[in-house]
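**Student:** What follows is a single structure, and I will ask about it in a moment.
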Amino acid sequence: MERSARSRRMRRVGWILTALVLCLIVGCWIYLATYYRALPEALETVREPAASVRVTRLDRDCLVFAPEDPVAGLIFYPGGKVQYEAYAPLMEACAERGVLCILVRMPGNLAVLAPNAADGLQERYPAVTDWYLAGHSLGGVMAASYASKHLGAYRGLILLAAYSKADLSESGLHVLSLVGTEDGVLDREKAEAAAENLPPDAALLELEGGCHAYFGCYGPQRGDGTPTISNQAQIRQTADAIAELVAAAAAKPSAA
């Protein structure tokens, strides 16, 4: 009798655990299946880029935006829960300014699931000697973490509505941090506290009228502010700032 009661309790516990696991799996699936999709104009950029830019797919996990004679290379980590093609317009704009850009596709659209996604990408383009890491939002946090572990391989880091949890204050990296004045998503307190992790000469710039979502091209983002500039204008200003960082870094001797 006692053994039978114990068996029933064990079966009940087993069913409860099975139900919890199934709920967890379904919850994760729903979470990963809900993301910000690239707008049609972003997808069109992939199919029909500017005449000076060639777009290719690398192992189906990356999109490469290549100018004819690149002056530098940039590996980009997308923002969390954002379809990676949404950053095609920004990558195209950077490529038009001479920077070869590799846009990385993240599993589940989360850079935290593939923090080492940049591994081996530089070796594909040996003619490019100066490399930068960049990322938007969560992608920027993960790019900064990766940069902290591979300092000798990169000249700089670009953070778009993001910050570094890793201490890069003595890294020698050329750092650009951009945030829109109307950004309603970025945790300003955390970003300001994390500013001490950046090199003393890091460029911390605000884009007047810019918002969180407009570094990509995926429409409005929940919790974001109301931009007073266009998506195209924010992308153009961001590409200009990145090109200026690259040009300034090229004028200085490498610390590597």
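The values are calculated or read from the model by the stated rules, or taken from the named source; none is laboratory data. Note that the coordinates shown come from a computational prediction; the quantities given were computed from them, not determined experimentally. Don't worry about glycine lacking a Cβ; one is built from the backbone with ideal geometry, like all the others, and counts go over all protein chains shown. The area values use the complete protein model at the heavy-atom level, side chains included, leaving out ligands, DNA and RNA. Shrake-Rupley method; radii C 1.70, N 1.55, O 1.52, S 1.80 Å.
**Student:** Please go through the range 46-71 and give me each residue that is farther than 13 Å from GLN83 by Cβ and in contact with an Asp or Glu (Cβ under 9 Å, 6 or more places away or on another chain), ordered by number. Please lay out each step first, then the result.
**Tutor:** From the range 46-71, those farther than 13 Å from GLN83 by Cβ are 47-62, 64-71; that's our starting set.
Residues satisfying the conditions are PRO49, ALA50, SER52, VAL53, ARG54, VAL55, PHE65, PRO67, VAL71.
**Student:** While we're here: Filtering the range 191-206 down to residues that are open to solvent by 100 Å² or more (accessible area, probe 1.4 Å) and touching a strand residue (DSSP E or B) at 6+ places or on another chain (Cβ under 7 Å), which residue is nearest to GLY156 (Cα to Cα)?
**Tutor:** Among them, the one singled out is LEU204.
**Student:** Hey, another quick one. Against the definition (out of contact with any Leu (no Cβ under 8 Å at 6 or more places or on another chain), in contact (Cβ under 8 Å) with a residue 60 or more places away in the chain and closer than 22 Å to ASP130 by Cβ), how does ALA213 come out, yes or no?
**Tutor:** Values: out of contact with any Leu (no Cβ under 8 Å at 6 or more places or on another chain): yes; in contact (Cβ under 8 Å) with a residue 60 or more places away in the chain: yes; closer than 22 Å to ASP130 by Cβ: no.
Spelling it out, it is not the case that ALA213 is out of contact with any Leu (no Cβ under 8 Å at 6 or more places or on another chain), in contact (Cβ under 8 Å) with a residue 60 or more places away in the chain and closer than 22 Å to ASP130 by Cβ.
**Student:** Being in contact with a Cys (Cβ under 7 Å, 6 or more places away or on another chain), farther than 21 Å from THR129 by Cβ and touching a residue at least 24 places away in the same chain (Cβ under 8 Å) is true for just one of ALA95, ALA111, ALA50, ALA38. Which residue is that?
**Tutor:** ALA38
**Student:** Please enumerate the residues belonging to the range 130-156 that are polar (S, T, N, Q) and without any contact (Cβ under 8 Å) to a residue 24 or more places away in the chain.
**Tutor:** SER148
**Student:** Consider only pairs whose beta carbons are under 8 Å apart and that are at least six residues apart or on different chains; among these, list those whose first residue lies in the range 166-187 and is in a loop (DSSP other than H, G, I, E, B) and whose second residue is β-branched (Val, Ile, Thr) and open to solvent by 40 Å² or more (accessible area, probe 1.4 Å).
**Tutor:** GLU182/THR226; GLU182/THR228
**Student:** Please state which of the following conditions GLY209 fails to meet, knowing it meets all the rest: (1) over 21 Å from GLY156 (Cβ atoms); (2) open to solvent by 10 Å² or more (accessible area, probe 1.4 Å); (3) not aromatic (Phe, Trp, Tyr).
**Tutor:** (2)
**Student:** OK, next. Which is more than 28 Å from PRO253 (Cβ to Cβ), modelled with pLDDT of 95 or more and not hydroxyl-bearing (Ser, Thr, Tyr), of ALA166, ALA191?
**Tutor:** Values: ALA166 fails: more than 28 Å from PRO253 (Cβ to Cβ).
Criteria check complete, one pass: ALA191.
**Student:** Of the residues ALA93, ALA72, only one is within 24 Å of GLN221 (Cβ to Cβ) and either at pLDDT 95 or above or out of contact with any Pro (no Cβ under 6 Å at 6 or more places or on another chain) (or both); which?
**Tutor:** Of the residues listed, the single one that is within 24 Å of GLN221 (Cβ to Cβ) and either at pLDDT 95 or above or out of contact with any Pro (no Cβ under 6 Å at 6 or more places or on another chain) (or both) is ALA93.
**Student:** Right, another one. Can you tell which of TYR77, TYR125 is open to solvent by 30 Å² or more (accessible area, probe 1.4 Å), aromatic (Phe, Trp, Tyr) and closer than 18 Å to ALA153 by Cβ?
**Tutor:** Unique residue meeting the criteria: TYR125.
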